[in-house]
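J.: Pasting in a structure now, in structure tokens, and then I'll have a few things to ask.
The values are calculated or read from the model by the stated rules, or taken from the named source; none is laboratory data. Quick caveat: nothing in here was measured; it's all calculated off a predicted structure. Heads up, the Cβs are rebuilt from the backbone with ideal geometry, glycines too, and the neighbour counts pull from every protein chain shown. The area values use the complete protein model at the heavy-atom level, side chains included, leaving out ligands, DNA and RNA. Shrake-Rupley method; radii C 1.70, N 1.55, O 1.52, S 1.80 Å.
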Amino acid sequence: MSRLSRTDRPYDIVLFGATGFVGALTAEYLAAHAPEGLRWAIAGRSGQKLELLRASLPGGGEGIGLLEADVADPASMRRLAEHARVVATTVGPYVKYGEDLVAACADTGADYLDLSGEPEFVDRTYVLHDARARETGARLVHACGFDSVPHDLGAYFTVQQLPEDVPLTVDGFVTADATFSGGTFASALNQFSRGRQMLAAARDRARHEPRLMGRRALAPTGTPRFAKEVGAWAVPLPTIDPQIVKRSARALERYGPDFRYRHYAAVRHLPVAVGGVAAMGALFTAAQLPPARHWLSDRLKPGEGPGPEKRAKSWFSVRFVGEGGGRRVFTEVAGGDPGYGETAKMFAESALSLAFDDLPPTAGQVTTAVAMGDALIERLRRAGLTFRVAATR
């Protein structure tokens with residue numbers, strides 16, 4: 001099913017979960033930056049909350065549709081998918097609330113985007129829905145926020161600065177000053193508590209995924225070290241980002257015959273690095289114990305998040321070091337508040353890119369680099385994010 005055959009649907013984009021913290025920021029961004037003629041709607045469980053949100057948007061929400069839908073009602077997920085060319089959802093944790101909407105989009109040929117940083121959910125949806133999405137032409141694109149747009153597109157951008165048809169290595173180093181929301185915290189706790197299920201989903205995916213013939217793409221977990229190339233301690237990050245980068249490398253021959261990616265937090269001072277590792281270990285341990293997990297989840301509830309002043313002061317930078325064919329390149333992707341302001345921007349621009357840009361023909365579960373690549377980089381540059389080559393050797 002081509003994109004042209006879906007133009008008779010009422011909306012180009014439907015934003016589901018619009019009244020949540022990140023959902024409302026995304027709705028504000030779309031209302032302020034919508035191209036002329038965009039047909040879009042906000043969706044969620046409460047019609048009253050949707051009405052209040054629409055009235056608060058730039059222009060009073062004129063021309064923005066409302067759709068009531070509930071993750072507990074699979075039929076409403078189907079109706080939502082049938083009304084949209086692109087469905088963008090912020091409703092998580094996705095492993096608990098996301099599967100019926102993915103299934104509906106895969107079955108009806110609607111493109112699907114989310115903010116999931118949950119490996120278990122992404123692997124499960126691949127096994128269950130990738131084949132059907134390929135049949136209908138639906139593009140299922142996960143991790144369209146800070147997880148994992150800067151890292152996926154940053155690695156893609158770095159690879160483009162290196163020679164073709166040679167083995168390549170890329171290391172990503174993340175620094176940020178930001179606060180996360182209750183929804184992000186809830187997703188992280190839920191993920192940490194599901195180690196066995198996450199491993200089982202990864203193994204099931206590996207059994208279904210085609211072998212990569214004649215090429216290799218790896219994303220090994222690095223070891224803590226002092227990285228002279230960025231002048232900081234490098235601490236491996238246990239996020240979905242390296243898996244997403246690896247899947248882009250598997251799909252695109254531009255990454256060369258033998259590609260390796262490693263993903264780190266860059267920390268200037270050793271005590272801070274050690275403290276961060278200890279804190280992550282303590283959070284992981286607490287997540288295994290239901291009473292501790294419930295106590296932690298009550299500290300910051302979904303729907304809560306940092307205020308405008310804090311977000312205005314927040315920032316992120318991801319520096320990449322790429323090597324291959326006798327060339328070494330240093331690149332950077334950078335922007336403002338990573339978890340919310342910039343995530344809303346990345347998410348909205350990803351939806352607009354799927355709806356309107358001239359993109360490579362893809363279907364099934366695909367990454368941002370594979371589905372949107374250069375077009376999304378250009379959109380994000382125009383929107384204020386930095387993609388730059390810092391140095392070459």
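J.: ALA143: net charge of surrounding residues, Cβ under 12 Å, Lys/Arg +1, Asp/Glu -1, itself excluded?
T.: Working: positive: ARG247; negative: ASP114, GLU118, ASP147, ASP152, ASP241.
Cβ neighbours under 12 Å give a net charge of -4.
J.: Using θ = phi - 60° and the Karplus curve 6.51 cos²θ - 1.76 cosθ + 1.60, what whole-Hz ³J(HN,Hα) does each residue of the stretch 319-333 get, with Gly and Pro shown as x?
T.: 9, 10, 10, x, 9, x, x, x, 10, 10, 10, 10, 10, 8, 10
J.: Through the Karplus equation 6.51 cos²θ - 1.76 cosθ + 1.60, θ set to phi - 60°, convert the phi angles of the stretch 58-72 into ³J(HN,Hα) values in whole Hz; use x for Gly and Pro.
T.: x, x, x, x, 4, x, 8, x, 10, 9, 8, 8, 9, 4, 7
J.: So which aspartates and glutamates pass the test for LYS313, namely a Cα distance under 13 Å, with those fewer than 8 places away in the same chain ruled out?
T.: Reachable aspartates and glutamates: ASP177, ASP337, GLU342.
J.: How many angstrom separate the Cα center of the stretch 211-236 from the Cα center of the stretch 11-25?
T.: For the stretch 211-236 versus the stretch 11-25, the Cα centre distance is 35 Å.
J.: How much net charge surrounds THR392 when only other residues with a Cβ under 15 Å from its Cβ are counted (Lys, Arg +1; Asp, Glu -1)?
T.: Numbers: positive: ARG319, ARG327, ARG328, ARG388, ARG393; negative: GLU229, GLU323, GLU332.
Overall, the nearby charge balance is +2.
J.: What does the accessible area of LYS96 come to, in Å² to the nearest 10, when a probe of 1.4 Å is used?
T.: LYS96 exposes around 120 Å² with every protein chain in place.
J.: Here is a further query. Spelling out what I want: for every residue of the stretch 361-368, take phi, set θ = phi - 60°, compute 6.51 cos²θ - 1.76 cosθ + 1.60 (Karplus), and round to whole Hz; glycine and proline get x.
T.: With the stated coefficients, the stretch 361-368 comes to x, 9, 7, x, 6, 9, 8, 4 Hz.
J.: Determine which lysines satisfy two conditions relative to LYS310: a Cα distance under 29 Å, and not lying fewer than 8 residues away in the same chain.
T.: Answer for LYS310, where 29 Å is the Cα cut-off: LYS49, LYS301, LYS345, listed by chain and number.
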